[in-house]
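K.L.:
The structure under discussion is supplied below as structure tokens; questions concerning it will follow.
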Amino acid sequence: MADNEAHIVIVIENEEPIDLLDFTASLTAVAREHEAQVRIASPGVDLDETRLLVVDIRKGSIILELLPALAPFVASMEFTNTAVSFVKNLASAIAPLRLPGGRTKGATTQQLKNLSDMVATVAKDSGGKLTIAARYQNGDVLQEFVVQKDEAAQISENAAKQRIELESKGNTPYQRVLMRLHQSSVEDLRVGKRTSEKGIVERIDMTPRVLVYVSDLAGQRIKDEILKPDGNPFQKGFIVDMDVETVGGRPRVYRILAVHDVIDIED
């Protein structure tokens, strides 16, 4: 590669070991955002042409150089402009989420999940920092942004809350109601899909109904209680925000929007 050809560079500066799942999720989120942006700019583009390839990994902090799969087949200036636009658009999407209560205008639930996953490694590190840049091979920076640890935590929180707001838009959720588990499962968390868990909300009736977790935070809070080796999730009460999917006017599915608290309940 010539010095005037740009790569997308990701630098993760960590003080603590990084969880492999968080690291994988972070890189996957970058790849999904890149695919989404390329598809917006070039509708109908082949999926293979949206992929990012790792061309270099360096020691020290985790430093990865990424190159669009299409790069060798197009003019240098074209994929340089694509790299710059990608980083610039990513920075614009994240910027509002850095502030308390911030929201990203026009974001989808998938994009918000991508942004949250992208900063997960930094949010969980005591002194982490994430840098995403478009750089020439000689080191000159064309476009970059930096996310510090405290900002990463705020970004994750805001993205999660905005996802809940989008998912519940148009519904009238039940707020801070008591739910107890009727059936649990140790299967992996699946956001937005039917689970094997069933819950009972006595404010509605005594019938167990399938749970769907709208957000990672809500689902993980309940999963944590299920997976505790010394606990019994059936002796816990979950204070939740939720809405109800109906069929023929009858409740069928509880969509869990948020979990505010977990309390012990009597047998």
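The values are calculated or read from the model by the stated rules, or taken from the named source; none is laboratory data. Bear in mind that the values here come from a model prediction, so they are computed numbers and not experimental data. So basically every Cβ, Gly included, is an ideal-geometry build from the backbone, and we count neighbours across all protein chains shown. Surface areas here come from the heavy atoms of the whole protein model, side chains and all, with no ligands, DNA or RNA. Shrake-Rupley method; radii C 1.70, N 1.55, O 1.52, S 1.80 Å.
K.L.:
Restricting to the stretch 99-110, count the residues that are open to solvent by less than 60 Å² (accessible area, probe 1.4 Å) and modelled with pLDDT under 90.
P.N.:
Summing the residues that are open to solvent by less than 60 Å² (accessible area, probe 1.4 Å) and modelled with pLDDT under 90 in the stretch 99-110 gives 2.
K.L.:
Also, I was wondering about something else. Condition first: part of a helix (DSSP H, G or I), out of contact with any helix residue (DSSP H, G or I) (no Cβ under 7 Å at 6 or more places or on another chain) and farther than 19 Å from residue 202 by Cα. Now tell me which residues in the stretch 221-267 satisfy that.
P.N.:
Within the stretch 221-267, 221, 223, 224, 227 meet the criteria.
K.L.:
Then there's this: Need pairs with beta-carbon distance below 8 Å; first residue touching a residue at least 12 places away in the same chain (Cβ under 8 Å) and within the stretch 189-208, second part of a loop (DSSP other than H, G, I, E, B) and open to solvent by 50 Å² or more (accessible area, probe 1.4 Å); sequence gap 6+ or separate chains.
P.N.:
The qualifying pairs are 195/187; 196/187; 200/206; 200/207.
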